[in-house]
Amino acid sequence: MILLLASGGMGKQWDSWLADSSARDFFAHRLGAAGIGIAALLLLFLCWIVAVAATYLTDYGFEVRLQDEKLYIAKGLLERKQFTLRRDRIQAVHLVEDALRRPFGLVAIRLIIAGAQENNEKTTVLFPLMKEADVADFLAQFLPSYAYEKDWSVLTRSARLNYVFTPVFICALLAIPAMIWIPGGFGWLALLLPAFAWWAGESSYRQTGWAMRDGQLSVRTGLFARHRMLIPKRRVQWYQVTETPLQRKRGTSSLKLALASGKEGKPLGIAHLPKPQAEAIERLLSRR
């Protein structure tokens, strides 16, 4: 609430400054509302072009080969980088589908590794761009101990309440005072907050999933991009299954786990999965 009051006060000062200056009239006269929107879209398109160019320069001529249990990776146009990675250092396979790749059925394959690699990073790219249909054969050739998952378990409808309704309710409460304090007739923009919360919660709910097979746990999450982690159970450093009183009433639990590499200090997890499924995952991870 304090932040809303402060932002409202600053907004009024900004609105007063625009009213006293000619900036508002200049932009309104030169561009108009439609022109400003077009300019914003052009700026986003320019940023996308820059990102594509940077990716092209970094991953140009990408090459990966396997020899003597080691992966040899080379890439780069202006600066050719080459490095070697032992397969026993791999903690998990990370499949990434961002908003630009996913509509075209393309996936980036990354590796979570133990120890330092590529400027002390704990992740590295195994292949930057690949068709989804080719991922299973690629893993079978280079990383046969990691199984590509096609069938995923998904959340129950009761979990949707936690993923969607609760964030929307909180954001709606925040949007009410924001509509009052945002000046210049732009208070309606506060309604975008619960709208975004609904989209984010629905997207996260629909993309969350998991799959189990002997020796491997796979976790799927996503918001703007979809992430799939293929994790051998021997690489799990710790795990925890918890439940709140409300979850206990609804028969759901939450799972958290971390890899031996720590994945840059961020634990993985699935919230509000059915309790029997959580117990099954716990049994899988407890077997050594």
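The values are calculated or read from the model by the stated rules, or taken from the named source; none is laboratory data. Keep in mind it's a predicted model, so treat the numbers as computed, not measured. All Cβ positions, even for glycine, are placed from backbone atoms using ideal geometry, and neighbour counts span all protein chains on display.
What about residue 168, is it touching an Asp or Glu at 6+ places or on another chain (Cβ under 7 Å) and at pLDDT 90 or above?
no
Would you say residue 136 is assigned to a helix (DSSP H, G or I) and not assigned by TED's automatic domain parsing to the domain that holds residue 79?
no
Just to be sure, is residue 222 closer than 21 Å to residue 103 by Cα, of a type outside the set (Val, Ile, Thr), crowded, with 20+ Cβ neighbours inside 10 Å and at pLDDT below 95?
Criteria not met by residue 222.
Please determine whether any residue of the range 132-145 is of a type in the set (Ser, Thr, Tyr), over 18 Å from residue 237 (Cα atoms) and modelled with pLDDT of 90 or more.
yes
Output the residue which, of all residues in the range 190-213 that are surrounded by fewer than 17 Cβ atoms within 10 Å (Cβ to Cβ) and out of contact with any helix residue (DSSP H, G or I) (no Cβ under 8 Å at 6 or more places or on another chain), is farthest from residue 162 (Cα to Cα).
213
Which of the residues that make up the range 211-226 are assigned to a strand (DSSP E or B) and in contact with a Lys or Arg (Cβ under 7 Å, 6 or more places away or on another chain)?
Matches in the range 211-226: 216, 217, 218, 220, 226.
Being aliphatic (A, V, I, L, M) and in contact with a His (Cβ under 8 Å, 6 or more places away or on another chain) is the filter here; which residues of the range 62-99 pass it?
95, 96
Please go through the range 103-131 and give me each residue that is at pLDDT below 85 and either of a type in the set (Asp, Glu) or surrounded by 19 or more Cβ atoms within 10 Å (Cβ to Cβ) (or both), ordered by number.
Those that are at pLDDT below 85 and either of a type in the set (Asp, Glu) or surrounded by 19 or more Cβ atoms within 10 Å (Cβ to Cβ) (or both): 118, 121, 122.
If we scan the range 159-173, do we find a residue that is buried (at least 16 other Cβ atoms within 10 Å of the Cβ), outside the structural domain of residue 102 (by TED's automatic domain parsing) and more than 28 Å from residue 226 (Cα to Cα)?
no
Please determine, by comparing only the residues of the range 147-163 that are of a type in the set (Ser, Thr, Tyr) and farther than 12 Å from residue 212 by Cα, which one is modelled with the lowest pLDDT.
Selected residue: 158.
In the range 185-205, which residues are within 21 Å of residue 95 (Cβ to Cβ) and either free of Cβ contacts under 8 Å to residues at least 12 places away in the same chain or outside any helix (DSSP H, G or I) (or both)?
The answer is none; no residue qualifies.
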